[in-house]
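Below is one structure, written out as structure tokens, with a few remarks after it.
The values are calculated or read from the model by the stated rules, or taken from the named source; none is laboratory data. Treat the numbers as computed from the prediction; the structure is a model and nothing was measured. Methodologically, a virtual Cβ is constructed for each residue, glycine included, from the backbone with ideal geometry; neighbour enumeration extends over all protein chains shown. Side chains included, ligands, DNA and RNA excluded: accessible areas come from the protein's heavy atoms. Shrake-Rupley method; radii C 1.70, N 1.55, O 1.52, S 1.80 Å.
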Amino acid sequence: MTSLADLTPGFRNVRLLLAREKGHPIGDREVGYDLLVPLDAEGRLDAADWKTHQAFCRVRKFGDGSEDRIGLLRRKPGGQWYFDYSEGDRDDEIGFRLNDERFTVGEYVSIGRNQAMHTYQVARVERP
């Protein structure tokens, strides 16, 4: 179990909600992700902080019609971020250019799953 004492000051709880897309013309506030991740002063993922605290970087996927899924934020050798739910890569979800994205309220990020990209809006960023 992670305690607040285990986290560095840059860690934030981030909520991503499905933005509007085909089939969801106004988005869907019941579908998204909760992240526990380290952010730098500009709101970007902090790779150095992540590297030393990988086990604490959590992902919870919710509201897609199935049970919530719990996983970890991971990074491929080339620097691409992804969400890892279980061993193997068949269930991984790839973040599109997450190195460049700012996790600030109102910004958008894209995550690929089932060979399709979906856009999410940052709805909340707060200290754990």
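Scanning segment 28-42 for residues that are open to solvent by 10 Å² or more (accessible area, probe 1.4 Å) and small (Gly, Ala, Ser) yields a count of 1.
Within segment 8-21, the set of residues being in a loop (DSSP other than H, G, I, E, B) and either modelled with pLDDT of 90 or more or crowded, with 19+ Cβ neighbours inside 10 Å (or both) comprises Thr8, Pro9, Gly10, Ala19.
If the condition is being out of contact with any strand residue (DSSP E or B) (no Cβ under 7 Å at 6 or more places or on another chain) and of a type in the set (Ser, Thr, Tyr), then segment 69-113 contributes only Ser86. Taking the listed residues Glu87, Glu101, the one that is open to solvent by 60 Å² or more (accessible area, probe 1.4 Å), on the phi < 0 side of the Ramachandran plot and in a loop (DSSP other than H, G, I, E, B) is Glu87, with no other qualifying.
Of all the residues that make up segment 57-68, how many are in contact (Cβ under 8 Å) with a residue 12 or more places away in the chain, under 26 Å from Asp6 (Cβ atoms) and in contact with a strand residue (DSSP E or B) (Cβ under 6 Å, 6 or more places away or on another chain)? Working first, answer last.
Of all residues in segment 57-68, those in contact (Cβ under 8 Å) with a residue 12 or more places away in the chain come to 57-64.
The next check asks that each one be under 26 Å from Asp6 (Cβ atoms); those that pass are 57-62.
Those left that are additionally in contact with a strand residue (DSSP E or B) (Cβ under 6 Å, 6 or more places away or on another chain): 57-61.
Residues that pass the stated criteria total 5.
Selection of segment 30-67 for residues being in contact with a Cys (Cβ under 6 Å, 6 or more places away or on another chain) and farther than 14 Å from Arg15 by Cα yields only Trp50.
Results for (1) under 20 Å from Met117 (Cα atoms); (2) part of a strand (DSSP E or B); (3) at pLDDT below 95, shown as yes or no for each residue.
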{"site": "Arg29", "(1), (2), (3)": "yes, yes, yes"}
{"site": "Val37", "(1), (2), (3)": "no, yes, no"}
{"site": "Glu42", "(1), (2), (3)": "no, no, no"}
{"site": "Trp50", "(1), (2), (3)": "no, no, no"}
{"site": "Val59", "(1), (2), (3)": "yes, yes, no"}
{"site": "Gly65", "(1), (2), (3)": "yes, no, yes"}
{"site": "Pro77", "(1), (2), (3)": "no, no, yes"}
